[in-house]
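J.: I'd like to ask you about the structure that follows.
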Amino acid sequence: MKKVLIINGVNLGELGTREIQIYGSQSFDAYLNELRTQFSGVQIDFFQSDSSEEIVKQLLNSKHYDGIILNPGAYTHTSIVIADAIKAISVPVIEVHISNLFGREQYRKNSFISAACIGSISGFGYKSYKLGINYFLD
């Protein structure tokens, strides 16, 4: 059985209630249940934190996963330490974003995370996570 870890970063614990016009009204917990049902042959673990230190610890302790799907939230544009943690592990990481970063404010078009990841998925809503899981199953 494949093991995939989803890590959501800063402010993503508020999905379903924050900026509904951008992120939608479904909570991530509800979507996670849908993912686990759809991918019943995959162990999908989940971690969310507003702390970059906790995200780094989670990344560094992820050696037993086949892949990581990371939505760093606003840390995308600010966190060299998360990028360095990704570079320090052998588990492949896919950066995902619910919104299309390139259709938003200029500062959101810069990612410190992307170069450390095997790929990036942006702009497909929650489906971005599903696309990431499908990659690890191929």
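J.: Are there any pairs with C-beta distances below 6 angstrom linking a residue in region 115-138 that is among the aliphatic types (A, V, I, L, M) to a residue that is assigned to a loop (DSSP other than H, G, I, E, B), with the two at least 6 apart or on different chains, and if so which?
T.: The qualifying pairs are ILE118/PRO92; ILE133/PHE39.
J.: Let me spell it out: the conditions are (1) under 12 Å from the mean Cα position of the chain (by Cα); (2) surrounded by fewer than 18 Cβ atoms within 10 Å (Cβ to Cβ), and PHE39 meets all of them except one. Which number is the exception?
T.: With respect to (1) under 12 Å from the mean Cα position of the chain (by Cα); (2) surrounded by fewer than 18 Cβ atoms within 10 Å (Cβ to Cβ), PHE39 is out only on (1).
J.: Also, quick follow-up: Somewhere in region 75-86, is a residue among the hydroxyl-bearing types (Ser, Thr, Tyr) and farther than 14 Å from VAL10 by Cα?
T.: Scanning region 75-86 turns up no residue that is among the hydroxyl-bearing types (Ser, Thr, Tyr) and farther than 14 Å from VAL10 by Cα.
J.: For region 103-119, which residues satisfy the criterion of being outside any loop (DSSP other than H, G, I, E, B) and modelled with pLDDT of 95 or more?
T.: Hits for region 103-119 are ALA116, GLY119.
The values are calculated or read from the model by the stated rules, or taken from the named source; none is laboratory data. Treat the numbers as computed from the prediction; the structure is a model and nothing was measured. Don't worry about glycine lacking a Cβ; one is built from the backbone with ideal geometry, like all the others, and counts go over all protein chains shown.
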